[in-house]
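Please read the structure below before turning to the comments.
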Amino acid sequence: MAELIQKKLQGEVEKYQQLQKDLSKSMSGRQQLEAQLTENNMVKEELALLDGSNMVSKLLGPVLAKQALGEVRATGGKRLDHITAEIKRYESQLWDLEGQSEHQRETLAQLQQEFPQAQATKAGAPGKA
């Protein structure tokens with residue numbers, strides 16, 4: 001009985017560790033998106049200061065290519081929409097992972113309580129395995 005609980009406990013600990021890794025990876029991804037969002041918002045603010053007479057260039061490899069201001073603003077808006085949607089997706093994923101992690105913690109706590117009891121039962125009944 002104690003060996004069975006010990007194996008189950010080990011498996012649950014591995015699941016919990018994997019959840020923590022996934023949670024950390026998702027948090028890192030969300031932080032990167034937050035940085036991109038801040039950067040793109042700054043670009044949007046700078047573009048808002050320009051009028052039609054200003055020239056806008058885009059770096060394509062080693063060359064600066066001219067682009068229409070309206071096109072740049074539209075592309076920036078789409079990029080902001082995409083980043084915002086990805087942040088929401090990451091937040092949802094984080095929420096799910098945190099819930100799974102909490103459930104896993106409860107399972108581990110219960111198994112940790114059962115393990116000493118099973119060992120005591122095993123020690124109290126010699127000749128039984």
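Residue 89 - would you say it is at negative phi, in a helix (DSSP H, G or I) and in contact with a helix residue (DSSP H, G or I) (Cβ under 7 Å, 6 or more places away or on another chain)? Criteria not met by residue 89.
Every residue, every condition in (1) open to solvent by 50 Å² or more (accessible area, probe 1.4 Å); (2) in contact with a helix residue (DSSP H, G or I) (Cβ under 9 Å, 6 or more places away or on another chain); (3) over 30 Å from residue 103 (Cβ atoms); (4) among the charged types (D, E, K, R), yes or no:
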site: 7; (1), (2), (3), (4): yes, no, no, yes
site: 19; (1), (2), (3), (4): no, yes, no, no
site: 24; (1), (2), (3), (4): yes, no, no, no
site: 28; (1), (2), (3), (4): yes, no, no, no
site: 33; (1), (2), (3), (4): no, yes, no, no
site: 40; (1), (2), (3), (4): no, yes, yes, no
site: 44; (1), (2), (3), (4): yes, yes, yes, yes
site: 47; (1), (2), (3), (4): no, yes, yes, no
site: 59; (1), (2), (3), (4): yes, no, yes, no
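Only one of the listed residues (53, 24) is of a type in the set (S, T, N, Q) and at pLDDT below 90. That residue is 53. Among the residues of the range 61-86, the one identified as open to solvent by 90 Å² or more (accessible area, probe 1.4 Å) and assigned to a loop (DSSP other than H, G, I, E, B) is 62.
The values are calculated or read from the model by the stated rules, or taken from the named source; none is laboratory data. Given the structure is predicted, the values throughout are model-derived calculations rather than measurements. Quick reminder, even Gly has a Cβ in these numbers, built from the backbone with ideal geometry, and neighbours come from all protein chains shown. Please note that ligands, DNA and RNA were not included when accessible areas were found on the heavy atoms of the full protein model with its side chains. Shrake-Rupley method; radii C 1.70, N 1.55, O 1.52, S 1.80 Å.
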